[in-house]
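Can you read through this structure? Questions will come right after.
Read-outs: derived from the displayed coordinates by stated rules, not from any lab. Owing to the predicted nature of the structure, the values given are computational and were not obtained by experimental measurement. Virtual Cβ from ideal backbone geometry, glycine too; neighbours counted across all protein chains shown.
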Amino acid sequence: MKITEVIAIPMSDPIPRERQHRTDLGTRVKSDAVLVMVKTDEGLTGIGASLGSPPILCAVVEHELAPALIGENPMYSERLYEKMYNGSRWKPALERGHAQPGDGRRGVTMEAISGVDIAIWDVKSQIMGIPVYQALGATRDSVRAYASGGWAPGDEAEEEMGGYAKKGFSAVKMRVVGRDGFSIENTIKRVTAARRGIGPSVELMLDAHGSLDVTTAIRLAKQLEKFDIAWFEEPISPDDHLGLAEVRRSTIIPIATGEREFTRFDFDDLFFHRSVDIAQPDIARAGGFTEIRRIGSMASAKGIRLAPHAWGSGVLFAASIHMAMSAPNCHILEVSQGYMPMMYELFEEPYDIREGVVYAPQKPGLGFTLREEALKRFEYIPGPEYIF
Ligand SMILES: [Mg+2]
């Protein structure tokens, strides 16, 4: 079995004007993804997906990564990951047993490597005839999910978050900055409404998208404690691991972060500084199945739980399901409540999500088939995802 072709296809999912709204990130006008296909000489094709800027990612996949993979056996997934990560020095890196990365250790190169690695695991599991999570080593066949959304302003948070609970979710996440902007008073008002809507027993999480400074995050956390918050996500910039440790030490609310970190080395630094209780690597950014599995193991050694960030295309969500079924310390999985046809209408098969629980797909590989019209429907639209 040999890899014969590696293809990257840019994709966009435009958001209709009436569904667009302004948050701390700006106004989102579309969602982008890059679909990666790894083809083999025996007719099997694996699919993967990357986050990030599609034109740059496609160039990295086709010009930098594909030449290193053509002719290789997809069963050697660890070797292929090391080849992509170490670049021209992959041979001495493997012979001497330590990493010797090239220039592309973070950013789009890692996002491209992540997408390719997902596709390699898809095709590798298809060869074995089993779902990816069983190829990784299965822990479970279902996992508790949390509804991820919560942008409603003021008292409207009661109905929005209560609606997620009514769908059967036992955990829900809302944004710290709602459509009505940010102040501590405003967030407290929205959280009060949300708690009213979901009742006392549904878990409530908050996500600040890294938008606060350390002192504001600490002041907010102190006022949030009485609402029994399950985690406070990305309170401050992901670049300030020490600042995050300060926030963590100042509150009883568990801290979650990691969706914008790359590789096990970034997570090692987060763990070293004791900055985090729940690690949230994104499989399409942190390094695919190969690297996120290492991150999960490192986290478990520190008693840190794993909750993969799963906000993106259907391929990313499918890959995240398999990760959640495999990692023993993954206690919960994100299920987006945003407007996301590229997540929910990319495949022939629907996801099996019932009463707030996600069930594992049982077909070989990722277990999902692209809809025939998918590539045309999600044709790439140049330009940024957010307008400010
Ligand atoms: Mg987040």
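Can you work out the base-10 log of I(q)/I(0) for the range 136-359 at q = 0.15, 0.16, 0.18 1/Å, using the Debye formula on its C-alpha atoms alone?
Relative scattering, expressed as log10 I(q)/I(0), comes to -0.97, -1.11, -1.38.
Further question on the same structure: Sum -39500 (n - 2.57) across every DSSP H segment of at least 4 residues in the chain, then divide by the residue count to get the 222 nm mean residue ellipticity, nearest 500.
-10500 deg cm²/dmol
Next question. Roughly how far apart, in whole Å, are the Cα centres of the range 63-119 and the range 160-178?
Cα centres, the range 63-119 to the range 160-178: 39 Å.
OK, next. Between residue 78 and residue 94, what length comes free when the chain is fully extended (0.36 nm per residue of separation minus the Cα-Cα distance, one decimal in nm)?
4.7 nm is the gain from fully extending residue 78 to residue 94.
Determine the percent antiparallel among the DSSP beta bridges restricted to the range 136-359, to the nearest 5.
Approximately 20 percent, going by the DSSP bridge assignments.
What distance in nm lies between label points placed 7 Å from Cα along the C-beta direction at residue 103 and residue 140?
That separation, rounded to one decimal, is 4.4 nm.
Also: Taking 7 Å along the Cα-to-C-beta vector as the label spot, tell me the residue 249-residue 386 distance in nanometres, rounded to one decimal.
Modelled inter-label distance: 3.0 nm.
What is the order of 294, 106, 96, fewest Cβ neighbours within 10 Å to most? Walk me through the numbers before you get to the answer.
Details: 294 19, 106 15, 96 10.
In order of increasing Cβ crowding within 10 Å: 96, 106, 294.
Treating only the Cβ of Lys, Arg, Asp and Glu as charged (+1, +1, -1, -1), what charge dipole size does the range 136-359 show about its Cα centre? Round to the nearest 20 debye.
The calculation lands at about 600 debye.
With the crude spin-label approximation of a point 7 Å out along Cα→Cβ, what separation in nm comes out for residue 268 versus residue 355?
Taking the two extended label points, one gets 4.4 nm.
So for 182, 388, 368, 272, fewest C-beta neighbours within 10 Å to most, what's the order?
Neighbour counts put them in this order, fewest first: 388, 272, 182, 368.
Rounded to the nearest 5, what % of DSSP beta bridges with both residues in the chain are antiparallel?
The answer is about 55 percent antiparallel.
In debye to the nearest 20, how big a dipole does the chain give about its Cα centre with +1 on each Lys and Arg Cβ and -1 on each Asp and Glu Cβ?
It comes to approximately 620 debye.
For the chain, count the residues as N, evaluate 2.2 N^0.38 Å, and divide the Cα radius of gyration by that value, please. Mind dumping the intermediate values first?
Values: Rg = 20.3 Å, N = 388, 2.2 N^0.38 = 21.2 Å.
Normalised Rg, Cα atoms only: 0.96.
Something else now. Where a Cα-Cα gap under 22 Å defines reach, which lysines qualify for residue 39, not counting those fewer than 8 residues away within the same chain?
Result set, ordered by chain and number: 2, 83, 124, 363, 376.
Please report, for the Cα atoms of the range 31-94, the Rg to one decimal and the Dmax as a whole number; what are they, in angstrom?
Calculated on Cα positions, Rg and Dmax stand at 12.6, 39 Å.
Does the range 209-288 come out rounded, prolate or oblate by the C-alpha gyration tensor, with a ≥ b ≥ c the root eigenvalues, rounded set by a/c under 1.5 and, if not, prolate when a/b is larger than b/c and oblate if not?
It comes out prolate by the Cα gyration axes.
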